[in-house]
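The structure under discussion appears below in the form of structure tokens.
The values are calculated or read from the model by the stated rules, or taken from the named source; none is laboratory data. The model shown is predicted, which means the values in this text are computed figures rather than measured ones. Positions of Cβ are generated from backbone atoms using ideal geometry, with glycine treated the same way; all protein chains shown enter the neighbour counts. Ligands, DNA and RNA are excluded from the accessible area calculation, which covers all protein heavy atoms including side chains. Shrake-Rupley method; radii C 1.70, N 1.55, O 1.52, S 1.80 Å.
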Amino acid sequence: MKPAEFAYVRPASVAEACAVLASNPDARVVAGGQTLVPMLAMRLARPSILVDILRLPELAGIAEEPGTLVIGATTRQVEAERSSLVASRLPLLAAALPWVGHPPTRNRGTVGGSLANADPSAEIPLVAVALEAEIVTEDEGGRFAMPADDFFIGPMLTAAPEAGLLTQVRFPVWSEPCVGVGFHEVSARRSDFAFVSAAAQVALDPDGRCTRIALGIGGVGDRPVRLDVAGLVGTRVEGDRVAQAVEAAAAVLEPTSDLHASAAYRRRVAILLGARAIGDAVADAQEKGAGR
Amino acid sequence: MKVALLVNGAVREVDVEPRKTLLDTLREDLSLTGAHAGCEHGVCGACTVLVDGAPVRSCLMFAVQADGLDITTIEGLASAPGELSVLQDSFCETHGLQCGFCTPGMILASHALLEANPAPTRADIAEAISGNICRCTGYGQIVEAVELAAERLRLANAPRAAAGGRP
Ligand code: FES
Ligand code: FES
């Protein structure tokens, strides 16, 4: 459990980091290290050089722009978890963060690191896909933004540039007055890798009808998937209709089987948790509506 | 690489390979063997230390990444050599440890919890130590230890009436 040798640099800017990455094809970016360091310890990764971006001031922090919440790549998960901006503008991320690892790993782990590592069962990528966030990367050629859905290609595989790094994630903020969220997950132990996870966000009009809905499912295949349940828009989102809509949308899932859960189990639980997350989101939105 | 760490309040300079974890550096270069090497890949929590006051896994951090940071190990919790902190003493009193392998990590994780939250619920305590594995106790007495310490710390400076007449 000791990593192989590597060199270590702590560049002073994103530009300098990109230059190091461009001249060292097998370099790896490290920030919080909560995914990469175990891989180094098990020698599943053997980079010649680690480029530590954690202290780059330009990459940290949470900022609001019109209609968007921008989270810098090296923002620690614990900071996002405790952020009042995230709680008010991005309640779905706030609901998902307590499920990310454990308190000690959230103290070091970063929002960008979770996205860049693209574990299919990770919660932050799931929320990014469900809410159609935009992922911004940078290399020597410049800045590049792409939808989260295009960014995640497969397990631990992304469309990030070869010699670049993830710099920020841009989440759309829903500005409707009544927005509710729901998050559910099944794993062997709390905070272990999810076999299935579901994230839902719902906006209701004053009459309680759905005006917008988003649903994402994680852990079932090789990347998080957004399910199309737009058929529920305009309805009251209740009764059997919800489970039916989720079940129909779940046809696009390609669940995998492993030691822990079969593909059939994953599909069944994905539908169940998806409907449950929507139910919670509706109740949450109604509660917020009643409170105003 | 030369690295300066602020360990338990004192600046310690070490010369380490970049691949040396903070855990190994504490144990081998600084003889602070209270941080235990369990799994060495981030699963067990035995290596927990406080970095800038927050519990982290020292096996998932290289010493070079800790350059200039404030590190507290289990050796830094008691007020003087041979003494125990209130929390450490509570672990003894409730039999919150058996073999003791997980204990430094459990205590540092709980210490950080009590710094932030003087009156944690059992759920708060369970969450705080959820990343630390114990193979002996079954956790019940560990949770009791943290509850007892929280109560003692709350009462420490309470006026006599609030402390129920207790000294
Ligand atoms: S030794 Fe660090 S988590 Fe197990
Ligand atoms: S007391 Fe033995 S592992 Fe916890």
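What to note about this one:
- Taking trypsin sites (Lys or Arg not before Pro) across the range A:1-57, the ones in a DSSP loop with at most 13 further Cβ atoms lying within 10 angstrom of their Cβ are A:R43.
- At least 30 Å² accessible surface lost relative to isolated chain, residues of the range A:1-44 (1.4 Å probe): A:M1, A:K2, A:P3, A:E5, A:F6, A:Y8, A:R10, A:Q34, A:V37, A:P38
- Solvent-accessible area of A:M156 with every protein chain in place, 1.4 Å probe, in Å² to the nearest 10: 80 Å²
- Exposed GluC sites (Glu not before Pro) absent - longest run of chain A, DSSP non-H/G/I/E/B, at most 12 other C-beta within 10 Å: A:6-161
- Inter-chain Cβ neighbour count for A:96-107, averaged per residue, equals 6 (cutoff 10 Å, partner chain atoms only).
- Shape analysis of the protein assembly as shown places it in the oblate category; the axes a ≥ b ≥ c from the Cα gyration tensor give an a/c of at least 1.5, with a/b not above b/c.
- With all protein chains modelled, accessible area of A:Y265 [1.4 Å, Å²]: 80 Å²
- Atom-type composition of the exposed protein surface of chain B places 52 percent of the accessible area on carbon and sulfur (1.4 angstrom probe).
- Ratio of the Cα radius of gyration of the range A:180-257 to 2.2 N^0.38 Å, where N counts its residues: 1.18
- For residues of B:13-20, the mean tally of beta carbons on other chains within 10 Å: 3
- Relative contact order of the range B:2-76, defined on C-alpha pairs under 8 angstrom at six or more residues apart (%): 40 percent
- Protein accessible surface hidden between A and B, which excludes ligands and nucleic acids, total in Å², probe 1.4 Å: 2300 Å²
- The order of A:F6, B:F101 by accessible area, most exposed first and with a 1.4 Å probe, is B:F101, A:F6.
- Each of B:V7, A:V233 has its accessible area taken with a 1.4 Å probe; listed largest first, they run A:V233, B:V7.
- Rounded to the nearest 10 square angstrom, B:M1 shows an accessible area of 90 square angstrom against a 1.4 Å probe.
- Counting only protein heavy atoms and a probe of 1.4 Å, the accessible surface of the range A:183-292 is 50% carbon and sulfur.
- The Kirkwood hydrodynamic radius of the range B:86-159, based on inverse pair distances between different Cα atoms, is 12.0 Å.
- Normalised by the number of residues in chain A, the mean separation of alpha-carbon contacts (under 8 Å, six or more apart) gives a relative contact order of 16 percent.
- Qualifying GluC sites (Glu not before Pro) in the range B:54-119, DSSP loop, other Cβ atoms within 10 Å at most 14: B:E83
- Choice from A:R170, A:R76, A:R212 with maximal GNM fluctuation in chain A (Cα, 10 Å cutoff): A:R212
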